[in-house]
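Peer 1: Pasting a structure below so you can have a look.
The values are calculated or read from the model by the stated rules, or taken from the named source; none is laboratory data. Fair warning: this is a prediction, and the values are worked out from it, not measured in the lab. Please note: Cβ atoms are built from the backbone with ideal geometry, for glycine as well, and neighbour counts cover all protein chains shown. The area values use the complete protein model at the heavy-atom level, side chains included, leaving out ligands, DNA and RNA. Shrake-Rupley method; radii C 1.70, N 1.55, O 1.52, S 1.80 Å.
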Amino acid sequence: QVQLVESGGGVVQAGGSLRLSCAASGRTFSSLAMAWFRQGPGKEREFVAAINWSGANTGYADSVKGRFTISRDNAKSTVYLQMNSLKPEDTAVYYCGAALSRYYYRDSAEYDYWGQGTQVTVSS
């Protein structure tokens, strides 16, 4: 079992920044690929960013590329999402996912564990 706890969400004005954190426990963190997904009001859960076990490889949705950065600290068993130049359309509940794989996926069905989510609201 893997437990994931997200933090760092909140309300921010357009153009602002937030950093989300996801702390993992229960399994060797460096054996997991990690990702962030989001679900906006009335929308399906969508891929945001992912990172492989070492942090050497990352992937982003086109909508966030150049604005968001995913990173991980294996010593702290934590993955981060730095979000800059936020837009109102980034408003969503952000979920952290963990896959029992060293290599990341863009499909939420490939992730085995999920956090409870953290709300991000961007006002215009």
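Peer 1: Which values, in whole Å and largest first, are the semi-axes of the equivalent ellipsoid of the stretch 57-124 obtained as the square root of 5 times each eigenvalue of the Cα gyration tensor?
Peer 2: 22, 14, 13
Peer 1: Please state, rounded to one decimal and in Å, the Kirkwood hydrodynamic radius that the chain gives when every pair of distinct Cα atoms enters the mean of 1/r.
Peer 2: 14.1
Peer 1: Given contacts defined as C-alpha pairs under 8 Å and at least six residues apart, what's the relative contact order of the chain, whole-number percent?
Peer 2: The normalised contact order for the chain reaches 36 percent.
Peer 1: For the pair THR58/GLN1, report the inter-label distance in nm, with labels modelled 7 Å from Cα in the Cβ direction.
Peer 2: Going from the THR58 label point to the GLN1 one covers 3.2 nm.
Peer 1: Ignoring ligands, DNA and RNA, what percent of the 1.4 Å accessible area of the stretch 6-124 is carbon and sulfur?
Peer 2: About 44 percent, which is the carbon plus sulfur part of the accessible surface.
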